[in-house]
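Remarks on the structure that follows.
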Amino acid sequence: MKHAELTIDPAFSIGDIDRRLFGSFVEHMGRCVYTGVFEPGHPDAEPGGLRRDVVDLVRELGVTVVRYPGGNFVSGYCWEDGVGPVEQRPSRLDLAWRSIEPNTFGLGEFMEWTQLAGVEPMLAVNLGTRGVQEAVDLLEYANYPKGTKLSDLRREHGNAEPFDVRLWCLGNEMDGPWQIGHKNAQEYGRLAAETAKAMRLVDPRIELVACGSSNRQMPTFGSWEATVLDETYDYVDYISLHAYYEQHDNDLASFLATSVDMDGFIKDVIATCDHVRAKRRSRKTMRLSFDEWNIWYESRFEGAHNQSWDDAPRLIEDDYTVSDAVAFGGYLVTLLNHADRVAIACQAQLVNVIAPIRTEPGGPAWRQSIFHPFAQAARLARGKALQVSLRSPEHGTAAYGAVDSITAAASYDESTGSLSLFIVNRSTTDPIEVDIDLRGLPGLQVTEHQLIHDNDPTARNRAEAPDRVVSHAQEGVAVDGDHLKFTAPAISWTALALRPEAHQ
Ligand code: AHR
């Protein structure tokens with residue numbers, strides 16, 4: 001059997017893991033909001049229409065922060081349409097997804113949902129069709145305590161206390177020609193800087209995210225970030241990254257290795273941020289918000305232009321397989337291995353639309369395959385990300401050449417002495433014996449060993465078989481001396497939790 005060696009030592013840390021690395025995203029798109037998180041009349045809905053069965057799954061998933069309301073949707077959105085008495089709210093055309101937006105769910109409902117779900121809100125302002133004034137107005141409505149037109153309007157709408165939203169995105173994917181109100185880098189950079197300055201005058205405690213590129217393949221990638229950061233470096237805290245991957249041409253080996261691309265993307269953006277820092281002789285280190293990432297079978301999507309103007313259409317409700325869960329695990333490993341610079345990450349999206357949670361209107365909610373690696377990483381990756389010294393067998397891929405068959409991340413919680421390991425075998429053919437050298441962490445015992453693997457890598461969950469793909473708890477793997485050994489089957493995700501004996 002092939003053999004990989006990992007060495008882990010708490011002396012070699014990457015950085016603290018920001019809990020906001022386990023974020024997600026709720027957009028007014030398809031059935032993410034309507035019949036996803038919100039469905040008045042559903043048997044499991046709260047009196048206000050929030051689906052309790054979905055909230056329970058969101059809590060189990062372990063999501064920490066949720067970005068809202070878009071996405072492409074936000075670039076044509078008037079937030080004022082979604083507040084106040086529901087019966088007075090207008091229906092509008094949603095140009096991004098050619099849908100009818102009823103506005104029965106808006107900021108107040110979202111904030112109530114964040115409370116129920118126990119997540120931090122991350123709001124995006126519209127810098128497509130709107131600008132500085134509307135962003136400042138929304139912030140006044142959301143965060144100013146009372147005694148002004150918009151803070152008092154929030155109070156009239158039943159929210160006496162400010163929402164106190166700290167994280168704000170300055171628009172969405174403004175580099176994309178598909179974006180309503182698309183801008184070039186100079187135009188966007190100026191608008192983002194002026195919006196950031198004005199928003200900080202309203203509330204200096206907020207943190208701001210400038211739009212980076214929509215993906216690494218954009219023709220403007222690199223120069224977009226450099227120009228935008230030239231304009232915004234002193235006014236923003238994060239630059240965003242977005243990436244969606246899918247399997248092309250039945251090439252599973254390349255697909256399972258797409259985390260190689262994600263890793264390169266992050267490194268490229270860090271290099272660009274640091275180039276701008278050097279030019280400005282700045283002491284500030286820009287951090288990254290990877291605020292849309294996932295697998296999206298985009299090649300199967302005909303595009304919004306073909307939609308008829310429907311309410312809550314079934315858009316991009318991709319079913320995820322075991323292989324998808326393994327590729328997805330590779331992205332979690334990659335994000336953890338960049339914990340020093342990636343502070344925020346939002347898996348996109350949370351419900352129905354390319355999502356770990358699926359629902360049927362009036363019917364059940366269930367977990368997709370990708371739910372499981374996310375939930376395990378969100379629960380177990382605590383404290384610091386540790387460097388993993390790795391010697392892995394390689395295999396060839398058409399897209400990325402020779403890649404390590406094993407990719408791994410580790411976290412260490414000093415307060416409890418707990419170690420967690422996340423290991424992906426992205427070989428399509430070879431089981432690999434993984435030998436972990438734990439000399440730097442004596443006295444640990446395995447408390448949990450989870451495996452996602454299946455003889456049928458195309459297996460998936462459906463409403464009628466919601467637990468066809470689950471994580472399997474393993475028994476029998478133990479630390480022997482300074483080493484922990486186990487076999488990672490081909491196409492598999494493993495999560496291991498270890499604790500000092502005294503903490504068992
Ligand atoms: O998540 C779906 C869409 O993907 C978002 O609206 C947009 O930001 C991205 O292109």
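The values are calculated or read from the model by the stated rules, or taken from the named source; none is laboratory data. Predicted model, so just to flag it, every value in this text is computed and none were measured. Note: ideal-geometry Cβ built from the backbone for every residue, glycine included; neighbour counts use all protein chains shown. Surface areas here come from the heavy atoms of the whole protein model, side chains and all, with no ligands, DNA or RNA. Shrake-Rupley method; radii C 1.70, N 1.55, O 1.52, S 1.80 Å.
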Examine region 317-333 for a residue that is within 14 Å of the ligand (Cβ to nearest atom) and either open to solvent by 10 Å² or more (accessible area, probe 1.4 Å) or under 21 Å from ARG20 (Cα atoms) (or both), and state whether such a residue exists. yes
Of (1) open to solvent by 20 Å² or more (accessible area, probe 1.4 Å); (2) hydroxyl-bearing (Ser, Thr, Tyr); (3) more than 16 Å from the ligand (Cβ to nearest atom), SER299 fails just (3)
Please note which strands (runs of 3 or more DSSP E) are completely contained in region 184-295 and include at least 2 residues that are more than 16 Å from the ligand (Cβ to nearest atom) and in contact (Cβ under 8 Å) with a residue 40 or more places away in the chain. 207-210, 287-295
Has region 158-166 got any residue that is of a type in the set (A, V, I, L, M, F, W, C), under 27 Å from the mean Cα position of the chain (by Cα), assigned by TED's automatic domain parsing to the domain that holds ARG341 and within 16 Å of the ligand (Cβ to nearest atom)? no
Since GLY108 meets every condition but one in (1) open to solvent by less than 30 Å² (accessible area, probe 1.4 Å); (2) touching a strand residue (DSSP E or B) at 6+ places or on another chain (Cβ under 9 Å); (3) outside any strand (DSSP E or B), which condition does it not meet? (2)
Tally time: how many residues in region 345-373 are assigned to a loop (DSSP other than H, G, I, E, B) and of a type in the set (Gly, Ala, Ser)? 4
Search region 251-285 for residues being β-branched (Val, Ile, Thr) and open to solvent by 40 Å² or more (accessible area, probe 1.4 Å), and hand back the single one that is nearest to LEU335 (Cα to Cα). VAL260
Just checking, how many residues over region 382-432 are of a type in the set (Lys, Arg) and either without any contact (Cβ under 8 Å) to a residue 12 or more places away in the chain or touching a Leu at 6+ places or on another chain (Cβ under 6 Å) (or both)? 1
Residue set ALA348, ALA304; condition surrounded by 24 or more Cβ atoms within 10 Å (Cβ to Cβ) and over 28 Å from SER13 (Cβ atoms); output residue ALA348
